[in-house]
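Here is the structure we will look at.
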There are 2 protein chains.
Amino acid sequence: MGKAGTKGVSRAERERQIVDVAVEEFGRHGYAGVSVTAVAQRAGISKPLVYSYFDSKDGLYLACVHEVGGLLVDAVAAARSRSGSTGHALDTLGALFTAVEQRRHAWSVLYDPALPPTGELRDAVRRYRGRLAAMGAAGAAQLLTRAGHDDRLDHELLNDVWQHAVTAVMRWWSDHPDQSAAEMSARCARLLTALGAG
Amino acid sequence: MGKAGTKGVSRAERERQIVDVAVEEFGRHGYAGVSVTAVAQRAGISKPLVYSYFDSKDGLYLACVHEVGGLLVDAVAAARSRSGSTGHALDTLGALFTAVEQRRHAWSVLYDPALPPTGELRDAVRRYRGRLAAMGAAGAAQLLTRAGHDDRLDHELLNDVWQHAVTAVMRWWSDHPDQSAAEMSARCARLLTALGAG
DNA sequence: GCTGGGTAAATTACTGATGGGTCACATGGT
DNA sequence: ACCATGTGACCCATCAGTAATTTACCCAGC
C-alpha cells in the first residue's frame, strides 16, 4: 500500500466504511472467524487505524451490534406501530426484510452463537435480542395464552424458536442473493399459511 | 502431570473418552472456539495423544460428526419406522430428545454455522444434515403440497427453518439442564398445538 | 520364573503461523 | 506549527502440528 498521511477521509466517514465492512464480515464468518487485519484489508486501510477508532476487536464488534441492533429494533417497532399492537408475524418479517435488504448479514451479527460468553459485548447483544424478542413475540404470547398455556418457560422457548426461525430465513436469504425482499415476504406468507398460523 | 508411559487404557477406550469430551466442547463453543489442547486437558491427557489418534483437529471433529450423525440419523429413522412413513414432527422431536439426553450438545456439532467452509469436514456434515432433512421434512413437504404450494425453494426454506427450530430447542435445553427429555417433549407438544400444526 | 526386546501408550519440549494489540514515526491539510 | 489521518514494524500469547523420548505391558526363550 501507499505511504502514510491522510487521504482526505474524515473520521466519521471512515468509521462508517469500517463498520459496513465489519458487519458483512462478522455476519458471514462470525466473531471468531474474522480477524481485524481482514476487516482492515477489505476496507482498504491498515489495522492500527481500526484500533485507533475502535480500541479493540470487541469495540469494533460492539459498534456493529449497535448499528444493526438499532436498525432492526427500529424496523420492528415501526412495523408494530403500523399494524396495531397485535402485529402479525408477517408484518414483522416484511419490515425486517426491507430493513436489511442492502445488508443481509446484519441479523447474524446479533445472533452469532459463538460470541465470547462474558463482557460488555454479550450484554449489549442480549439487550437488543431482548427488545426484539419482547416486540416480536408479543404475538406468540397471545398464541399461547389463547391456547390455554401460560407456562413461563414455554414462552421463553417459543421466543427462542421464533428468533432462530428468523435466523434460518436470513441465512437462507444470504445464500440466495437473487431473491428480493418482496419475494421473501411472499415466500414466508406461503409458509405461514401452510403451517396454519396467522 | 505424571511421567510418560501407558496408564492401562486401551486405544479404543481412550478414543471414546476423547470423542465424548470433544462433542461437549465443540457443541458448547463451536469448532473455532475449541483448542485441541483444551480437549486434551479436559480428557486428562496430553495433546500429542489426541493427534496420534485423530491426526488433526479436523480429524477429531470428523470423528465427532460421525458419532453424533449416526446417533441422530438412527434415532430419527427409528422414530419414522415406528410411526409410519407419515411421521409427525412430535415423534421425531421425542426421538431426538431421548437420543441425546445424555449428550445434549450433540446436535450443535452438526449445526455449527462457523465450520471451515471447505474440505471433507464440510462434506460429511452436509451429508448428515441432508439425511436428517430428507427424513424430518417429508412431513413438511406434505404440509406444503397439501396447501397447494410446490415451489422447490419453498421446500428448501421450510427445511432450513425446521432444522434451525430444532437447533433453537436443543440450545434452550442446554441452557436448562434440569429439564428432562419427557418434559421437553411435552413442552414441544404444547407449542405445536398452539401453533395449529399437527 | 526371570530376562530381554518389541510394541503400544504416553509425555515434554519444540516449531511455524496467526492474531490481538502497541509504538514510533510519516504525511497532509489548515 | 499543529493536529488528525495514516502506516510499517514490532511484541506477545495462543494454537495447530511435530519430533524425540520415556514408560509400561506382553510374550518369547531360556
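The values are calculated or read from the model by the stated rules, or taken from the named source; none is laboratory data. Computed from a predicted model, the values in this text were never measured in an experiment. Every residue, glycine as well, gets a Cβ built from its backbone with ideal geometry; the counts of neighbours run over all protein chains shown. For accessibility, only protein heavy atoms count, side chains too; no ligands or nucleic acids. Shrake-Rupley method; radii C 1.70, N 1.55, O 1.52, S 1.80 Å.
General observations
- Contacts under 6 angstrom Cβ, first residue in the stretch B:176-198 being on the phi > 0 side of the Ramachandran plot, partner part of a loop (DSSP other than H, G, I, E, B), 6 or more apart: B:GLY196/A:GLY196; B:GLY196/A:ALA197
- Scanning the stretch A:172-193 for residues that are within 7 Å of chain B (Cβ to nearest Cβ) and either among the hydroxyl-bearing types (Ser, Thr, Tyr) or in contact with a Pro (Cβ under 9 Å, 6 or more places away or on another chain) (or both) turns up just one, A:THR193.
- Qualifying residue in the stretch A:31-48 (condition: closer than 13 Å to A:VAL109 by Cβ and open to solvent by 70 Å² or more (accessible area, probe 1.4 Å)): no
- The residue list A:PHE26, A:PHE97 contains one member that is in contact (Cβ under 8 Å) with a residue 60 or more places away in the chain, hydrophobic (A, V, I, L, M, F, W, C), open to solvent by less than 20 Å² (accessible area, probe 1.4 Å) and within 12 Å of DNA strand C (Cβ to nearest atom), which is A:PHE26.
- Criterion: at the interface with chain A (Cβ under 7 Å from one of its Cβ atoms) and of a type outside the set (D, E, K, R) - qualifying residue of B:VAL125, B:VAL100, B:VAL169, B:VAL109: B:VAL169
- Residues that are closer than 25 Å to A:ARG171 by Cβ, within 12 Å of DNA strand C (Cβ to nearest atom) and open to solvent by 50 Å² or more (accessible area, probe 1.4 Å) within the stretch A:1-23 are absent altogether.
- Between B:ASP74, B:ASP55, the distinction of being within 22 Å of B:SER185 (Cα to Cα) and open to solvent by 70 Å² or more (accessible area, probe 1.4 Å) belongs to B:ASP74 only.
- If you check A:GLY119, A:GLY196, A:GLY148, A:GLY139 for being farther than 19 Å from B:LEU195 by Cβ and either facing chain B (nearest Cβ under 10 Å) or more than 17 Å from the chain's Cα centre (by Cα) (or both), only one passes: A:GLY119.
- Within the stretch B:85-198, helices (runs of 4 or more DSSP H) holding 2 or more residues that are under 28 Å from B:ARG28 (Cβ atoms): B:89-100, B:106-110, B:120-136, B:152-174, B:181-195
- Among the residues of the stretch B:58-70, those identified as away from DNA strand D (no atom under 16 Å from the Cβ) and either within 14 Å of another protein chain (Cβ to nearest Cβ) or surrounded by fewer than 18 Cβ atoms within 10 Å (Cβ to Cβ) (or both) are B:HIS66, B:GLY70.
- When A:TYR111 is tested against (1) of a type outside the set (Asp, Glu); (2) in contact (Cβ under 8 Å) with a residue 60 or more places away in the chain; (3) open to solvent by 20 Å² or more (accessible area, probe 1.4 Å), only condition (2) is not met.
- The set of residues from the stretch B:85-94 being away from chain A (no Cβ under 14 Å) and either open to solvent by less than 30 Å² (accessible area, probe 1.4 Å) or within 16 Å of DNA strand D (Cβ to nearest atom) (or both) comprises B:GLY87, B:THR92, B:GLY94.
- Test set (1) touching a helix residue (DSSP H, G or I) at 6+ places or on another chain (Cβ under 8 Å); (2) open to solvent by 60 Å² or more (accessible area, probe 1.4 Å); (3) at pLDDT 95 or above - A:TRP172 fails condition number: (2)
- First in the stretch A:32-59 and over 27 Å from B:PHE26 (Cβ atoms), second anywhere and within 9 Å of DNA strand C (Cβ to nearest atom) and part of a loop (DSSP other than H, G, I, E, B), Cβ under 6 Å, 6 or more apart: A:ALA40/A:SER46
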